[in-house]
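J.: Structure in structure tokens, see below.
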Amino acid sequence: MNYFVTTSIPYVNGPPHIGHALEFIMADVLARAARAEKKPVIFSTGTDEHGGKIADKAAEVGKDVKIFADEMSQQFRGLAKALNISNDRFIRTTDAGHEQRAQIIWKNLAKDIYKGTYVGLYCTGCEAFVTEPVAKENKGTCPHHQKPYEKLEEENYFFKLSVYAPEILKAIESGSFEILPQSRKHEILHVIKSGLEDISISRPKEKLTWGIAVPGDENQVMYVWFEALMNYLTVLGYPEHDDYLKFWPANVQVVGKDILRFHAAIWPGMLLGLGLPLPKKLYVHGFITVNNQKMSKSLGNVIPPQDIINAYGVDAMRYYFLRHIPAYDDGDFSWAKLHAAYNNELANELGNCVQRTAAMIVSYQKGIIGDSPPPEHDIAAYSEALEHCRFDRALDEVWDQVRGLNQYIDEQKPWEINKQGDSEHLREVLAYQVSCLLQIAELLAPLLPETATKIQYIFGEGVVRPIEGTLFPRKEHTPDAANVSEAPGK
RNA sequence: GGCAGGGUAGCUCAGUUGGUUAGAGCACAGGACUCAUAAGCCUGGGGUCACGAGUUCAAAUCUCGUCCCUGCUACCA
């Protein structure tokens, strides 16, 4: 019954971009949908703040690390707020509670932790070692960071991930640990079948001070990834808090495709080491391109989420990201596409439908809405879509209803019924329109909460209550931001 | 190289176990209407379903081959 949903926690090495926004929005839909079913929900997000890269970044801008992390974290908190994200928790890996509990987790994993020497090629950008073949293929330079790999030999603690490979495999294959979409499931199964090696989970303190101390060893700090994953437990108050006892395992964990391995191999291994059940579902979303180009600073096409919200509003942004970014695939954003979706679908189809219905009731019936039996639309496809995190399909289903309602209005022609003076029939038709809109609002609530609330406000009390302006006023031109963002960057 | 998934209307895609003239949205063209945010509704044009062969009464759908695209993974015995 209890429902626990998480996003991955963004690494605070740069400001939020639309990829972060996508993940926040998707997880938010799941949380809101669960609350709508009257389930007790904990929805957590937060920020991942340790590691050498953050320390370097802070040094670069001449700030104290903690202050830098504070500021960055604040930006993500701000993004969640701006997107109308309903998270119950916002955990930071620099929270005292997380740090303490992470050490408890480490101790509880002690039987699977041993000390060893790691020799390998390391990229400070990725904060990861790479295998020899990969390094060779990249000609000794990390393609992501344009930095040469450094040969490192160091004492590390290791986690016996290899021991758990068979059990992880079984959980994924059987579906007790479900991975969506299926293509990602196949992908990770392939990785696991080809063998999981034990992983290095600490770094010598002399090289890295910005991290959580390894219990009982002054000279080592936890590797940032290993520790960051623990947030899903520490946020609930593992090991003793009531929330932890009631809400673990997570119902859904939402992550991006780049961190599949961490969440579908390493994380399950850690949980098995702790003797805990695995999450029920891992939903893996794709990436967003801008005008079919990869987002990058050098191309100058990075779009701050706030720009979109400022230009079109929160729900328009949520709408585009949920419906026009495929839930099981990569997607593309452009101001032109957003503009078209906004005008055609939000303003013309939905907004205008609300408007014409309200206007007729006001002018024909002094705003009084009659009674109507609820519409008998089959919402199974909608529910199933949400169950499978197919947010795009879910909105398709809602829009079928919006279109259907517009057709109904044109077939019934309430304006003619009004002229004929059949007030009883008119009342029935208009009341039915309202029940349809209220159902649409209900379905929309997890996806576009603000819009749903407005529709419910207008029609929910038996009398049409006007709102200021219209739901989605048409926009004639794309905003200035469009020109800026679509200009070739330098 | 291996594994996986794709290549369907100008664009984005849907097409269940092979079965009637291959669908939707956007874009485009035309029409009837007027309650509404010059919105909505109706109609229409447009596809050798990547290519070649095969199985079948029948293939977008199954088999084999070829060419492209994407993702993961790998040259260690």
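The values are calculated or read from the model by the stated rules, or taken from the named source; none is laboratory data. Bear in mind that the values here come from a model prediction, so they are computed numbers and not experimental data. Cβ coordinates were reconstructed from backbone atoms using ideal geometry, including for glycine residues, and neighbour counts include every protein chain displayed. Note: areas computed on protein heavy atoms with side chains; ligands, DNA, RNA excluded. Shrake-Rupley method; radii C 1.70, N 1.55, O 1.52, S 1.80 Å.
J.: Regarding A:GLU71, is this residue modelled with pLDDT of 95 or more and either aromatic (Phe, Trp, Tyr) or over 15 Å from A:ASN13 (Cβ atoms) (or both)? Explain how you work it out, then say what you get.
T.: Working: modelled with pLDDT of 95 or more: yes; either aromatic (Phe, Trp, Tyr) or over 15 Å from A:ASN13 (Cβ atoms) (or both): no.
Judged against the criteria, A:GLU71 is not a match.
J.: Another one. Among residues belonging to the stretch A:259-276 that are under 26 Å from A:PHE391 (Cβ atoms) and free of Cβ contacts under 8 Å to residues at least 40 places away in the same chain, point out the one that is surrounded by the fewest Cβ atoms within 10 Å (Cβ to Cβ).
T.: A:PHE262
J.: One residue is enough: does the stretch A:240-256 have a residue meeting the conditions within 16 Å of RNA strand B (Cβ to nearest atom) and either open to solvent by less than 30 Å² (accessible area, probe 1.4 Å) or closer than 21 Å to A:ILE18 by Cα (or both)?
T.: So in the stretch A:240-256, the residues within 16 Å of RNA strand B (Cβ to nearest atom) come out as A:255-256.
Now restrict to residues that are either open to solvent by less than 30 Å² (accessible area, probe 1.4 Å) or closer than 21 Å to A:ILE18 by Cα (or both): A:255-256.
Checked against the condition, which is being within 16 Å of RNA strand B (Cβ to nearest atom) and either open to solvent by less than 30 Å² (accessible area, probe 1.4 Å) or closer than 21 Å to A:ILE18 by Cα (or both), the stretch A:240-256 yields at least one hit.
J.: Within the stretch A:407-459, considering only helices (runs of 4 or more DSSP H) that don't extend past its boundaries, which have at least 3 residues that are touching a Gly at 6+ places or on another chain (Cβ under 9 Å), within 14 Å of RNA strand B (Cβ to nearest atom) and open to solvent by less than 70 Å² (accessible area, probe 1.4 Å)? So that I can check it myself, show each step before the final result.
T.: Details: elements: A:414-420, A:423-444, A:449-459.
Correct list: A:423-444.
J.: Of all the residues that make up the stretch A:11-47, how many are under 17 Å from the mean Cα position of the chain (by Cα), open to solvent by 10 Å² or more (accessible area, probe 1.4 Å) and within 14 Å of A:SER73 (Cβ to Cβ)?
T.: Adding up the residues that qualify gives 4.
J.: Looking at the structure I just gave you, is A:ALA33 of a type in the set (Gly, Ala, Ser) and at pLDDT below 95?
T.: Details: of a type in the set (Gly, Ala, Ser): yes; at pLDDT below 95: no.
Answer is no for this residue.
J.: Identify, from the list A:ASP392, A:ASP400, the residue that is open to solvent by 60 Å² or more (accessible area, probe 1.4 Å) and either within 33 Å of the chain's Cα centre (by Cα) or among the basic types (Lys, Arg) (or both).
T.: A:ASP400
J.: Next question, about the same structure. Pick out the one residue from A:LYS151, A:LYS136 that is modelled with pLDDT under 70, of a type in the set (Lys, Arg) and over 27 Å from the mean Cα position of the chain (by Cα). Step through it out loud before you land on a result.
T.: On the way: A:LYS151 fails: modelled with pLDDT under 70.
When all the criteria are applied, what remains is A:LYS136.
Residues are listed down the side, and each one gets a yes or a no for (1) at positive phi; (2) open to solvent by 20 Å² or more (accessible area, probe 1.4 Å); (3) out of contact with any strand residue (DSSP E or B) (no Cβ under 8 Å at 6 or more places or on another chain):
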{"site": "A:LYS160", "(1), (2), (3)": "no, yes, no"}
{"site": "A:VAL163", "(1), (2), (3)": "no, yes, yes"}
{"site": "A:LEU169", "(1), (2), (3)": "no, yes, yes"}
{"site": "A:ILE172", "(1), (2), (3)": "no, no, no"}
{"site": "A:GLU178", "(1), (2), (3)": "no, yes, no"}
{"site": "A:ILE201", "(1), (2), (3)": "no, no, no"}
{"site": "A:THR209", "(1), (2), (3)": "no, yes, no"}
{"site": "A:VAL214", "(1), (2), (3)": "no, no, no"}
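J.: Mind checking whether some residue in the stretch A:176-192 is more than 16 Å from RNA strand B (Cβ to nearest atom), among the acidic types (Asp, Glu) and under 23 Å from A:VAL119 (Cβ atoms)? Don't jump to the end; show me each part of the working.
T.: If we filter the stretch A:176-192 for residues that are more than 16 Å from RNA strand B (Cβ to nearest atom), which is where we start, we get A:176-178.
Filter again for among the acidic types (Asp, Glu), leaving A:178.
Filter again for under 23 Å from A:VAL119 (Cβ atoms), leaving none.
Within the stretch A:176-192, not a single residue is more than 16 Å from RNA strand B (Cβ to nearest atom), among the acidic types (Asp, Glu) and under 23 Å from A:VAL119 (Cβ atoms).
J.: Quick check on A:ASP330: is it touching a strand residue (DSSP E or B) at 6+ places or on another chain (Cβ under 9 Å) and touching a residue at least 12 places away in the same chain (Cβ under 8 Å)?
T.: Numbers: touching a strand residue (DSSP E or B) at 6+ places or on another chain (Cβ under 9 Å): yes; touching a residue at least 12 places away in the same chain (Cβ under 8 Å): yes.
So A:ASP330 passes the test.
J.: Any residue in the stretch A:371-392 that is near RNA strand B (Cβ under 10 Å from one of its atoms) and not basic (Lys, Arg)? Show your work before the answer.
T.: Let us first name the residues in the stretch A:371-392 that are near RNA strand B (Cβ under 10 Å from one of its atoms), namely A:392.
Filter again for not basic (Lys, Arg), leaving A:392.
Yes - at least one qualifying residue is present in the stretch A:371-392.
J.: Can you name every residue in the stretch A:12-44 that is among the polar types (S, T, N, Q) and farther than 26 Å from A:ASN291 by Cβ?
T.: Residue satisfying the conditions is A:SER44 alone.
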